[in-house]
Amino acid sequence: MKLPASATPPSAGVDTGPQSRPEAHVTPRIVIFDLGEVLATPPGLYRSLAACLSRQPDVVEAAYWAHRDAYDRGGTAHAFWSAVLAELGRPAAPGTVSELTRIDTEAWTTIRPDALSLLKTLSERDVRVGILSNATLEMATAARKTSWAPYITDWFFSSELHLAKPDPALYRHVTTELGLPAGTIVFVDDRRVNVDAALKSGWNACLWTSGDDTAALLTGLGLLAAE
């Protein structure tokens, strides 16, 4: 997921600098995608949350990201939304927490049509595809029940591992779990700091800029057919 600039923690960095590209001579064994902002882009999320709370979207967004890290690392929805609501001056009523969690989870697990088409095509070509996302337990559960879940072979969520990008320990864990040489892992993420950490771990990582650029990258690696 992409944090707004005002809420990005000092260690997280921003998406700046040239795009990294996998080495041309590498034979990829798996493509791993981030979920939020790479496959799922929910433009109306903060407006929907704000509508439930009678607050301005930018105010809700700031409070949302100020408390998100612990939730993505396995914290509870109640703890997260209680902190957000307290900052917004609203009580954490069970019904409110439930509705906010539903909106949040659906937004980040509903992927774009172009992303769905890409996953389907890769699956049809027998390409191993993984998800590596800083995401909540609710998102991890919901993602595995989506229409696009059958196209994914490997799932890694920060909330289940209690490790989050860009922690080097997370990349080491994923590499070990995959049982593949690090150099055969292609990774696409929208945040420069996560891409840089993957590169330092020996992965071939690419900064996401658009669906078209990602398709061109994978075509160049021979994972998609040239048109």
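Where the accessible area of the chain is counted over protein heavy atoms with a 1.4 Å probe, how much of it, in %, is carbon and sulfur? Kindly include the intermediate steps, with their values, before the conclusion.
Values: 5510 of 10060 Å².
Within the chain, the accessible surface is 55 percent carbon and sulfur.
For the chain, find the longest principal axis of its Cα atoms and tell me its angle to the long axis of helix 57-66, 0 to 90°, nearest 10.
70
For the chain, compute the orientation-averaged projected area of the C-alpha convex hull (one quarter of its surface), in nm².
Values: hull surface 47.7 nm².
Convex hull of Cα atoms, orientation-averaged projection: 11.9 nm².
Out of all DSSP beta bridges in the chain, what portion is antiparallel? Express it as a percent rounded to 5. Present the calculation step by step, with values, prior to reporting the outcome.
Details: 0 of 16 bridges.
Restricted to the chain, the bridges split so that about 0 percent are antiparallel.
For the chain, report the accessible area per residue in Å² (1.4 Å probe, heavy atoms, rounded to an integer). Present the calculation step by step, with values, prior to reporting the outcome.
Values: 10060 Å² over 227 residues.
Value returned for the chain: 44 Å² of accessible area per residue.
Starting from the Cα-Cα distance between A86 and A182, subtract it from 0.36 nm times their residue separation and give me the gain in nm to one decimal. Spell out each step's value before the answer.
On the way: separation 96, 0.36 × 96 = 34.56 nm, distance 4.31 nm.
My answer for the length gained is 30.2 nm.
Rounded if a/c is under 1.5, else prolate if a/b is larger than b/c, else oblate: which is the range 180-224, with a ≥ b ≥ c the root eigenvalues of its Cα gyration tensor? Intermediate values should be presented prior to the final figure.
Numbers: a/c = 3.51, a/b = 1.22, b/c = 2.87.
Taking the square roots of the gyration eigenvalues as a ≥ b ≥ c, the range 180-224 is oblate.
Run the helix sum for the chain: -39,500 (n - 2.57) per DSSP H stretch of 4+ residues, divided by residue count, reported at 222 nm to the nearest 500 deg cm²/dmol. Please list the in-between numbers first.
Working: 11 runs with 105 residues, N = 227.
Helices in the chain give a 222 nm mean residue ellipticity of -13500 deg cm²/dmol.
Would you give the gap between the C-alpha center of the range 113-182 and the C-alpha center of the range 67-93, rounded to a whole Å?
25
Report, in degrees rounded to the nearest 10, the 0 to 90 angle that the Cα long axis of helix 77-88 makes with the longest principal axis of the chain.
Once rounded, the angle reads 60 degrees.
With charges only on Cβ, +1 for K and R and -1 for D and E, what is the dipole size of the chain about its Cα centre, in debye, rounded to 20? Working shown, then result.
Values: 20 positive and 26 negative charges, 46 e Å.
Using Cβ point charges on Lys, Arg, Asp and Glu, the chain gives about 220 debye.
Starting from the residue with the highest accessible area, list W81, W155 in decreasing order, probe 1.4 Å. Working shown, then result.
On the way: W81 0, W155 50 Å².
The most accessible residue leads, giving W155, W81.
Using a/c under 1.5 as the rounded threshold, could you call the range 69-185 rounded, prolate or oblate? The axes a ≥ b ≥ c are square roots of the C-alpha gyration tensor eigenvalues, and prolate needs a/b larger than b/c, oblate otherwise. Don't skip to the end; give the middle numbers.
On the way: a/c = 3.24, a/b = 1.60, b/c = 2.02.
Here the range 69-185 falls in the oblate category.
If each of K200 and E160 carries a label point 7 Å out from its Cα toward its Cβ, how far apart are those two points in nm?
Calculated label separation equals 2.6 nm.
Could you put K165, K145, K120 in order of accessible surface area, largest first, with the 1.4 Å probe and the full protein assembly present?
Details: K165 10, K145 165, K120 85 Å².
I get K145, K120, K165, largest accessible area first.
Can you give the angle from 0 to 90° between the axis of helix 94-109 and the longest principal axis of the chain, with both taken from C-alpha atoms, to the nearest 10?
20
Less than 13 Å apart at the alpha-carbon level, and either on another chain or at least 8 residues along: which aspartates and glutamates does that give for K165?
Reachable aspartates and glutamates: D34, D69, D72, D189, D190, D196.
The values are calculated or read from the model by the stated rules, or taken from the named source; none is laboratory data. Model, not experiment: these values are computed from the prediction. Positions of Cβ are backbone-derived with ideal geometry, glycine not excepted, and every protein chain shown enters the neighbour counts. Heavy atoms of the whole protein, side chains included, go into the accessibility calculation; ligands, DNA and RNA do not. Shrake-Rupley method; radii C 1.70, N 1.55, O 1.52, S 1.80 Å.
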